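All remarks here apply to the structure that follows.
Where a number appears in this text, it was derived from the coordinates with a stated rule and is not lab data. This one's a predicted model, so the numbers in the text were calculated from it and none came from an experiment. Counting neighbours? That spans all protein chains shown, and the Cβs are built from the backbone with ideal geometry, glycine included.
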Amino acid sequence: MIWETIVTTVSGAGSVHIAPMGVRESDGRVLLSPFRPSTTLDNLLSTRCAAVNLTDDVRVFAGCLTGRRDWPTLRCQSVDCQRLGGALAHRELRLAHVEDDDQRPQLHCDVVFEQSHRPFRGFNRAQAAVIEAAILVSRLHLLPPGKVDDEMRYLAIAIEKTAGAAEREAWSWLADHIRTFRDSARSTA
């Protein structure tokens, strides 16, 4: 099973990086699989720590993919890293082992601290739709435009029926990003 999370890392110079990432668990460890090249990978290999943040604020997912990465963070308890300030919960990780790969290394991390900050209120279809749209946006360079359009039309139903202000804002960022991506592709063609 893959869990959609927000991973925070810090560079050797102290710059915080916030990125959406699907994570898995295996043999009691959290597995991160960032693509090369990536700031998350570089930071984790350099500092050997990260935080996995669980949030129901889908604006963070959409924001990270559309150039809005300035989310409040707080210092972690047990590792030299930052965690998402508005997280429902977070887990602090220490890198234990790397399975190297030219495209997507597997980073096996031990959980050294975890904490819940506020309760999870339940699922909302619009939140799930924004997460799915964010995944589509992260793959715009790989997917045919027709598939993206079909998926976005279907996901828009959940936005129309169940979204609150945060979900609508996140959705608009993603839709704008798709338009900008396509406009840019047309102008360079």
In degrees, nearest 10, range 0 to 90: what is the angle between the Cα axis of helix 125-138 and the longest Cα principal axis of the chain? 80 degrees
Grab the DSSP H runs of the chain that are 4 residues or longer, score each as -39,500 (n - 2.57), total them, divide by all residues and round the 222 nm result to the nearest 500 deg cm²/dmol. -12500 deg cm²/dmol
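Under the classification rounded if a/c is under 1.5, otherwise prolate if a/b is larger than b/c and oblate if not, where does the range 3-116 fall, given a ≥ b ≥ c as square roots of the Cα gyration tensor eigenvalues?
On the way: a/c = 1.38, a/b = 1.21, b/c = 1.14.
Verdict is rounded for the range 3-116.
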How would you rank 2-10, 58-66, 22-30, highest first, on the average number of other Cβ atoms within 10 Å across their residues? 58-66, 2-10, 22-30
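Please give the contour-minus-distance gain from SER116 to ARG104: 0.36 nm per residue of separation, less the Cα-Cα distance, rounded to one decimal in nm.
On the way: separation 12, 0.36 × 12 = 4.32 nm, distance 2.99 nm.
That pair, SER116 and ARG104, stretches by 1.3 nm at full extension.
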Pseudo-spin-label distance LYS147 to ASP176, built 7 Å along Cα→Cβ, given in nm, is 2.7 nm
Please compute the modelled spin-label separation between ARG139 and MET1, points set 7 Å along Cα→Cβ, answer in nm with one decimal. 2.1 nm
Inter-site label distance for ILE157 and GLN77 at 7 Å from Cα along Cβ, in nm: 4.3 nm
With a cap of 16 neighbouring Cβ atoms within 10 Å, and only residues DSSP puts in a loop, list the trypsin sites (Lys or Arg not before Pro) found in the range 71-145. ARG121, ARG139
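What full-extension length gain, to one decimal in nm, is calculated for ARG69 and PHE35 as 0.36 nm per residue of separation minus the Cα-Cα distance? List each step's numbers first, then the result.
Numbers: separation 34, 0.36 × 34 = 12.24 nm, distance 1.87 nm.
Net length gain for the segment: 10.4 nm.
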Search the structure for amide H atoms under 5 Å from the amide H of GLU114, placed 1.01 Å from N in the peptide plane, and list their residues when 5 or more places away or on another chain. GLU92
As I understand it, the value is the acute angle between the Cα axis of helix 145-162 and the longest principal axis of the Cα atoms of the chain; what does it come to in degrees, rounded to 10? 80 degrees
Taking Cα atoms, the helix 165-188 axis meets the longest principal axis of the chain at an angle in degrees (rounded to 10) of 70 degrees
Could you list ASP100, ASP42, ASP80 so that the one with the fewest beta carbons within 10 Å of its beta carbon is first and the one with the most is last? ASP100, ASP80, ASP42
